[in-house]
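The structure under discussion appears below in the form of structure tokens.
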Amino acid sequence: MRKLHDAPFPIIDTDPIFGRVIRYMRPSDYVMGVALTALGPGFIYWMEKYQPAGLSRKHMVRGMGLATCIGATVGFMSAYAASSARFWGYTENAREIKMYRDEYRRLKAQGKPMHGTSTLPLSIQRTSAEYSTGAFLNFDVAPWFNFINHPFHGQSEGVIPDDEK
């Protein structure tokens, strides 16, 4: 197996599918997302309270709505990136490894592949994997998620014990 990248923790999956990243989010990821969502309207409210701009209620509500939408987007992207970083082994991921192993055992018992099946040609699956692998590192440039099941996933030795493969 080729070396994937230097990571302080085991690499679970270098290109996790969108749903798996969401399912493996920790409560702290949700708290971060909610906090970042609330930060925008909270800042506008605070500025209006201490440095009034004299906005009408209508304009204040529109500004708060826009700030909430932007905050929700930033909050979701930050939570998604934090969860993805655990898949890549950049942050502590013992809980995710346990969940991954449990999911692997369950799917193996059902006779299903770990990374799902796809009706797309292999060349399209490979292209999809090339575009989405590591995309969470560039969310500030272009948000890109993996929605395609494909067989091109990398992981550290020992994430799934050899006796279970």
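Descriptive notes on the structure:
- Residue that is modelled with the highest pLDDT, among those in segment 126-156 that are part of a helix (DSSP H, G or I), open to solvent by 50 Å² or more (accessible area, probe 1.4 Å) and not β-branched (Val, Ile, Thr): 126
- Within the set 12, 44, the sole residue that is in a loop (DSSP other than H, G, I, E, B) and in contact with a helix residue (DSSP H, G or I) (Cβ under 7 Å, 6 or more places away or on another chain) turns out to be 12.
- Taken together, the criteria place residue 159 among residues that are among the β-branched types (Val, Ile, Thr) and at pLDDT below 80.
- Index of the failed condition, residue 50 passing every other in (1) surrounded by fewer than 15 Cβ atoms within 10 Å (Cβ to Cβ); (2) under 19 Å from the mean Cα position of the chain (by Cα); (3) of a type in the set (Phe, Trp, Tyr): (2)
- Annotation: of all residues in segment 1-25 being among the aliphatic types (A, V, I, L, M) and open to solvent by 40 Å² or more (accessible area, probe 1.4 Å), the one that is modelled with the highest pLDDT is 22.
- Of residues in segment 78-119 being assigned to a loop (DSSP other than H, G, I, E, B) and of a type in the set (S, T, N, Q), the one nearest to residue 10 (Cα to Cα): 93
Every residue, every condition in (1) out of contact with any Phe, Trp or Tyr (no Cβ under 8 Å at 6 or more places or on another chain); (2) at pLDDT below 90; (3) of a type in the set (Lys, Arg); (4) open to solvent by 30 Å² or more (accessible area, probe 1.4 Å), yes or no:
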residue: 34; (1), (2), (3), (4): yes, no, no, yes
residue: 40; (1), (2), (3), (4): yes, no, no, no
residue: 55; (1), (2), (3), (4): yes, yes, no, yes
residue: 58; (1), (2), (3), (4): yes, no, yes, yes
residue: 76; (1), (2), (3), (4): yes, no, no, yes
residue: 86; (1), (2), (3), (4): no, no, yes, no
residue: 90; (1), (2), (3), (4): no, no, no, yes
residue: 108; (1), (2), (3), (4): yes, yes, yes, yes
residue: 111; (1), (2), (3), (4): yes, yes, no, yes
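The values are calculated or read from the model by the stated rules, or taken from the named source; none is laboratory data. Note that this is a predicted model, so its numbers are computed, not measured. Backbone-built Cβ (ideal geometry, glycine too); neighbour counts: all protein chains shown. SASA here: full protein model, heavy atoms, side chains in, ligands and nucleic acids out. Shrake-Rupley method; radii C 1.70, N 1.55, O 1.52, S 1.80 Å.
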